[in-house]
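These notes concern the structure reproduced below.
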Amino acid sequence: MGDLAEEMPLKSVNDENDEEGGEIKKYKWYNINWNTLPAKAAFFFDTARRVGSLPSLVLFLTGIGLDKVEAGLILGFRLLGMLFGGPFWGVIADKFHCHRLILIINCIGIILTMGCQPLLAIKYGNPVINKCPEPTWSQFVNNLNQTNNSTLDGQSINQKQDLYGTPFFVFFFTQILAAFFEVSGASFIDVATIRKSQLSKHRKIDYGRQRFWGPIGAIFGVNMTNLIIDYFPKVSITCYSGLFTILMTVCLLVLYNGLSFEDEREQNHTMNEKEKQCFRKTFRRHLIQFEVLLVYGIAFFGGVVYSSYKVFIFLYLKELSSPSLVRTLTISIAGFSAIFGFFFSGKIIRILGGPLKSLMVALIFFVVRYLGYTFAPTGWILLAFQPLHFLSFVLFVTSAITYVKETSPLIVITSMVSLFQTMFEGVGVLVGSSIGGVLFKNYGGRKVYLIYAFFALFWAMVLGVYILIFKDKNKNAKKSEKNDEYNI
């Protein structure tokens, strides 16, 4: 099973052909598959929500007076909610077949848990800096001096200096609860799209060409968020509170009719097949394979690497004194790059020789990208490395999903996709952002990206050694077996 990813044809990933009565019906790239519009809309709005809010969350948390280390820990450990929420919502959905209802419940939960945070910021934020517009350093010092000589008895100063106080724990648990509700969205959409592509008999569905609507949603989300932040009214709360406006608005848009995982006849057939098999035995037998464990380990370490971009890119741009336009262009350029990458992801994977080799190449481009971040003197120069987003993040995700799709038994494919999401965007980002927060405070953003670049290089080398030694050895052995058969 482990060798299937490299040897099975990836034609099914991007084929736009359809066989009808022995005849092959060809589709052009511009022929829209109307049956996949729910998938496109789901990727668009879900990515708009996540990308439009998460990079600015660190600015919101530091803007209300929390330390960078505290912000990093909050955004890292918020993914504990993902670790518990993923299996919880997955089991409920599979047991009661209520995926659509769970998506609606999760959207409502996100609106409540994220929408309350500006109110919490008013109560628990540091009043000296928790303002819009954000005070400059000289204004901050003057405010501290005035505060120290007036009626607050140094309370604001202590709030700024004391780590892990009440504000930290309030937002710590609020973010965990928010992550608990928001985790199911991405996994459900991925699994639904994969299952729809597997069950489609009339026209083959390309996963990448559904996923490429996500970057378009990201461009929409980040631009709307930055516009609201820039034009946020002058009030006694950080301007970054505006991000919750677009987040809640998009969550309302995500309350769509839902994705159908299978039609009724196919679902009944699938359930009958599942009843004939032992889920636990199949899952355990598949997961204990060395190559499968290696891929999920790479997913974890890839999440660690990706966390520095996902969580700290805006904070690093702020360190470089970049204007809000650079923040907008950072996500926009990456989004346009991802559109191209997702659209041609299947062809790129085939050209590179399969998903394992593509994973290695993606890690190498993470190295190039982060080294560019490290040595970029300004945020404007950093923008030159954003087109590499499609050869790093996009290629990594599509390669991993392709590997899971091509090698996993049908009975466990939902669990395997969810496990990848948990390892990559859950555990990996949790660990990476927690460590990154400490590194960012002590050494600055440049050292963070330099360290993570070498970390990505190490795991690219590990995967390369495995491919070179074990994969080539297996291929040579199989070629020898075939030659022996011909000789007989």
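The values are calculated or read from the model by the stated rules, or taken from the named source; none is laboratory data. The shown structure was predicted, so the numbers you read here are calculated from the model rather than taken from an experiment. So basically every Cβ, Gly included, is an ideal-geometry build from the backbone, and we count neighbours across all protein chains shown.
Would you pick out the residues in region 302-312 that are at pLDDT below 90 and either of a type in the set (Lys, Arg) or farther than 14 Å from Gly426 by Cα (or both)?
The answer is Lys310, Phe312.
Taking region 331-376 on its own, how many of its residues are over 28 Å from Gly436 (Cα atoms) and hydroxyl-bearing (Ser, Thr, Tyr)?
Residues meeting the conditions: 1.
For the structure I just gave you, tell me whether Pro387 is surrounded by fewer than 24 Cβ atoms within 10 Å (Cβ to Cβ) and either without any contact (Cβ under 8 Å) to a residue 40 or more places away in the chain or closer than 30 Å to Phe290 by Cα (or both).
So Pro387 fails the test.
Restricting to region 390-417, give me the number of residues that are surrounded by fewer than 23 Cβ atoms within 10 Å (Cβ to Cβ) and touching a Pro at 6+ places or on another chain (Cβ under 8 Å).
Counting residues in region 390-417 that are surrounded by fewer than 23 Cβ atoms within 10 Å (Cβ to Cβ) and touching a Pro at 6+ places or on another chain (Cβ under 8 Å) gives 1.
Go through the residues of region 125-146 one by one and say whether even a single one is part of a helix (DSSP H, G or I), assigned by the TED database to the domain that holds Gly72, at pLDDT 65 or above and charged (D, E, K, R).
No - not one qualifying residue is present in region 125-146.
Find all pairs meeting these conditions: Cβ atoms under 7 angstrom apart; at least six residues apart or on different chains; first residue within region 289-309 and assigned by the TED database to the domain that holds Met360 and of a type in the set (Asp, Glu); second residue at pLDDT below 95 and surrounded by fewer than 24 Cβ atoms within 10 Å (Cβ to Cβ).
Glu291/Gly2
Given the criteria farther than 16 Å from Ile298 by Cβ and crowded, with 20+ Cβ neighbours inside 10 Å, does Ser345 qualify? If you could, list the steps in order and put the result at the bottom.
Numbers: farther than 16 Å from Ile298 by Cβ: yes; crowded, with 20+ Cβ neighbours inside 10 Å: yes.
For Ser345, the condition - farther than 16 Å from Ile298 by Cβ and crowded, with 20+ Cβ neighbours inside 10 Å - is met.
Can you name the helices (runs of 4 or more DSSP H) wholly within region 194-253 that have at least 2 residues being of a type in the set (A, V, I, L, M) and modelled with pLDDT under 75? Write out each step before concluding.
Working: elements: 207-211, 213-230, 243-253.
Correct list: 243-253.
Of the residues Ala400, Ala362, which single one is modelled with pLDDT of 95 or more and among the small types (Gly, Ala, Ser)?
Sole residue among the options that is modelled with pLDDT of 95 or more and among the small types (Gly, Ala, Ser): Ala362.
Under 26 Å from Leu430 (Cα atoms) and at pLDDT below 75 - does that describe any residue in region 165-184?
Going residue by residue through region 165-184, those that are under 26 Å from Leu430 (Cα atoms) are 165-184.
Now restrict to residues that are at pLDDT below 75: 183-184.
For region 165-184, residues under 26 Å from Leu430 (Cα atoms) and at pLDDT below 75: present.
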